[in-house]
1. For region 170-186, which positions are open to solvent by 60 Å² or more (accessible area, probe 1.4 Å), more than 12 Å from the chain's Cα centre (by Cα) and not polar (S, T, N, Q)?
2. Within region 87-106, identify whether any single residue is open to solvent by 40 Å² or more (accessible area, probe 1.4 Å), assigned to a loop (DSSP other than H, G, I, E, B), of a type in the set (G, A, S) and under 22 Å from L176 (Cα atoms), and answer yes or no.
3. Could we say that T120 is surrounded by 15 or more Cβ atoms within 10 Å (Cβ to Cβ) and within 17 Å of the chain's Cα centre (by Cα) here?
4. Looking at this structure, is S258 at pLDDT below 95, more than 20 Å from E160 (Cβ to Cβ) and either in contact with a Leu (Cβ under 9 Å, 6 or more places away or on another chain) or open to solvent by 50 Å² or more (accessible area, probe 1.4 Å) (or both)?
5. Can you name the number of the only condition in (1) among the polar types (S, T, N, Q); (2) within 20 Å of G76 (Cβ to Cβ); (3) surrounded by 20 or more Cβ atoms within 10 Å (Cβ to Cβ) that T334 fails?
6. Which condition does A324 not pass, out of (1) buried (at least 24 other Cβ atoms within 10 Å of the Cβ); (2) within 18 Å of G282 (Cβ to Cβ); (3) hydrophobic (A, V, I, L, M, F, W, C), if it passes all the others?
7. Output the number of the condition that M348 fails; it satisfies all remaining conditions of (1) out of contact with any helix residue (DSSP H, G or I) (no Cβ under 7 Å at 6 or more places or on another chain); (2) farther than 16 Å from T145 by Cβ; (3) open to solvent by less than 20 Å² (accessible area, probe 1.4 Å).
8. Mind listing whichever residues of region 358-393 are among the aromatic types (F, W, Y), open to solvent by 30 Å² or more (accessible area, probe 1.4 Å) and under 10 Å from P75 (Cβ atoms)?
Amino acid sequence: MANRLAVINCSQVVTLAGPAGPRVGPEMRELSIVAGGAMLVVGERIAKVGTREAIEPLIGADCEIIDAGGRVVMPGFVDAHTHPVFAGTRAGEFEERARGSTYQAIDARGGGIQSTVRATREATLDELVKASKRYADWFLRTGTTTVEAKSGYGLTLEDELKILRAIEWLNRETPLRYVPTFLGAHDIPPEYKSRREQYVSLIVDEMLPRVTQEKLAEYCDVFCEDKAFTNDEAWKILSAARCHGLGLRVHADQLSLSGGAKLAAELGTVTADHLEHTDSEGIAALKSASVQPVLLPGSVYALGSSRYPAAREMIDAGLAVVLATDFNPGSSPTPSMPMILSLASTHMRMTPAESITAVTINAAYTLDRGDQIGSLEAGKIADFVIHDCDDYRDLAYFFGIEHPWKVYSGGRPVFAR
């Protein structure tokens with residue numbers, strides 16, 4: 001008989017129940033909160049969510065009871081843009097930026113992404129998995145239960161495969177759910193700087209076939225920026241990825257208005273990520289193609305920039321906005337979704353309700369898992385968090401602390417404070 005679990009005495013059960021599909025416009029503020037609610041879990045699935053009076057008659061002698069103590073219960077966060085497998089850190093570059101160096105200047109002399117590439121190439125698969133398990137714990141303890149996980153710090157065939165195999169290993173051995181994305185087009189490696197067309201051909205002719213043959217990724221991403229991959233190069237790579245059956249994502253308009261958002265719209269990618277420089281024409285193009293924007297305020301903050309993406313304009317235009325951490329060792333070294341919620345309200349004029357939608361149900365739909373995770377509804381996987389607060393707005397309001405009291409993945413406890 002499946003294990004039965006009842007969560008009672010909740011101040012709010014923030015269900016995110018609603019229409020199928022990502023939420024747009026005023027829908028992003030509708031969280032379907034059950035005040036004084038409760039939830040019944042059978043096995044790894046949610047059986048019923050409702051008022052305490054509706055749930056208590058269903059609690060049998062075989063049911064484990066979790067008293068939430070007047071706390072908030074919410075879906076686990078879904079982080080739709082992370083780079084969680086790498087070796088080393090870039091704390092030295094962080095100090096350099098504090099002394100006045102820019103991210104671009106550090107990158108130009110071989111730091112930045114290339115610094116992490118060198119360390120990751122030298123690391124073994126076992127070493128990458130060991131380091132990444134530590135980061136998995138960080139995600140879980142801040143309330144995240146699913147992450148989209150990119151490669152991109154290998155930039156050779158074997159090293160990209162090594163990172164994707166590490167993600168596969170982490171999926172088996174940690175409670176955190178990983179959705180793998182191939183990002184061989186993260187940067188041009190130094191050995192190809194004078195023959196970049198050969199590196200694009202390597203991605204198209206060798207990397208993509210092996211990645212898909214071994215079923216190591218669900219998506220392909222490209223860093224579309226003149227310093228990385230041009231629009232034409234990105235088009236070639238993403239078109240090839242589509243032919244191999246991969247979903248498409250793109251880093252767009254992060255450092256300049258390079259046309260990445262328009263390219264995403266032309267290709268009909270699932271997401272366009274970053275978008276710090278995207279203008280009204282880019283927003284209109286994303287809307288016309290139903291591309292979901294994934295906004296990453298943590299990287300703007302960590303780089304000391306003040307140019308945040310135009311979240312308010314995107315929401316008002318009817319886009320299904322998503323927020324994510326962009327966890328990585330250089331430009332956004334945080335796994336904390338509560339930190340992202342705070343930045344979204346203070347710097348991008350998103351209400352706490354809109355932000356919660358952006359990191360749960362909207363994010364789940366970018367990973368083709370909106371029917372399984374991202375909300376607390378009967379039949380969905382029981383990924384949920386009991387937060388040590390009595391109002392969901394506190395998650396953005398009180399920043400710099402870890403709110404989760406207990407975290408569950410598939411109905412199993414994976415973290416308790």
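1. Result: R172, E173.
2. Yes; the residues of region 87-106 include at least one that is open to solvent by 40 Å² or more (accessible area, probe 1.4 Å), assigned to a loop (DSSP other than H, G, I, E, B), of a type in the set (G, A, S) and under 22 Å from L176 (Cα atoms).
3. no
4. On the way: at pLDDT below 95: yes; more than 20 Å from E160 (Cβ to Cβ): yes; either in contact with a Leu (Cβ under 9 Å, 6 or more places away or on another chain) or open to solvent by 50 Å² or more (accessible area, probe 1.4 Å) (or both): no.
No.
5. Going through (1) among the polar types (S, T, N, Q); (2) within 20 Å of G76 (Cβ to Cβ); (3) surrounded by 20 or more Cβ atoms within 10 Å (Cβ to Cβ) one by one, T334 breaks only (3).
6. All conditions pass for A324, except number (2).
7. Exception for M348: condition (1).
8. none
The values are calculated or read from the model by the stated rules, or taken from the named source; none is laboratory data. Since the model is a prediction, treat every value here as computed from it, not as a measurement. Neighbour counts are summed over all protein chains in view; Cβ atoms, including those assigned to glycine, are modelled from backbone coordinates with ideal geometry. Ligands, DNA and RNA are stripped out before the accessible areas are found, and what is left, the full protein with its side chains, is counted by its heavy atoms. Shrake-Rupley method; radii C 1.70, N 1.55, O 1.52, S 1.80 Å.
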